[in-house]
Structure formats: C-alpha cells, structure tokens
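Only the coordinates and a few stated rules stand behind these numbers; no lab work does. Values in this document were obtained by computation on a predicted structure and should not be read as measured data. A quick note on method: Cβ atoms are made from the backbone with ideal geometry, for glycine too, and the neighbour counts reach across all protein chains shown.
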Amino acid sequence: MSTPTIPDTCPRCDTHEVSLLTESPVPGRWSMYLCGVCFYSWRSTEPGYATDPATYPAAFKIDPVDIPKMPVVPSIPARRA
Ligand SMILES: [Zn+2]
C-alpha cells in the first residue's frame, strides 16, 4: 500500500495545516484528513464539494480570523451553587 497524499489546503478555511487523521480498515480504500485550524475533517472519497477548496460551498467557508469570536454552541451553563 502506498502512503496517501495529504491535501495541501483545507476545503473549509483554505489554510495549510492538513494532517492524516486515519485510514480505511481495508488498506488503500480511503483516508481521512483533519484541518488543524478549523478542525474540519473529510474523507478522500467524498465529492468535490466536501474535499476541494475551489468547489466547497462559499456559504460554509470559514475565515480563521473569525474562529476565536465564534460562540460555543450549545452554551455551557453556569455551575450550580
Ligand atoms: Zn480548515
């Protein structure tokens, strides 16, 4: 089995901190990748709209600058006294 080629760019945030997350139990069938910036993960066998930065839906793109300002959902309730 050959080593999978890790994509250069995250489809969702367009950064380049992509790593190999896991591989298929049957060697060579698929690989999963993880973005270290926005934590998007995708499988190599998914269609282009989920794997290709050029065709990933613009409405779901994330600018890394906005990540620290994003709300925690669901919110974490205050501790009971
Ligand atoms: Zn990303």
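Numbers for the structure displayed
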{"quantity": "DSSP loop trypsin sites (Lys or Arg not before Pro) with at most 15 other Cβ within 10 Å: longest gap in the chain", "calculated": "30-60"}
{"quantity": "Rounded D (µm²/s) - the range 1-75, Kirkwood Rh over Cα pairs, Stokes-Einstein at 20 °C, 1.002 mPa s", "calculated": "162 µm²/s"}
{"quantity": "Rough spin-label spacing in nm, given labels placed 7 Å along Cα→Cβ, for Ala78 and Thr22", "calculated": "3.9 nm"}
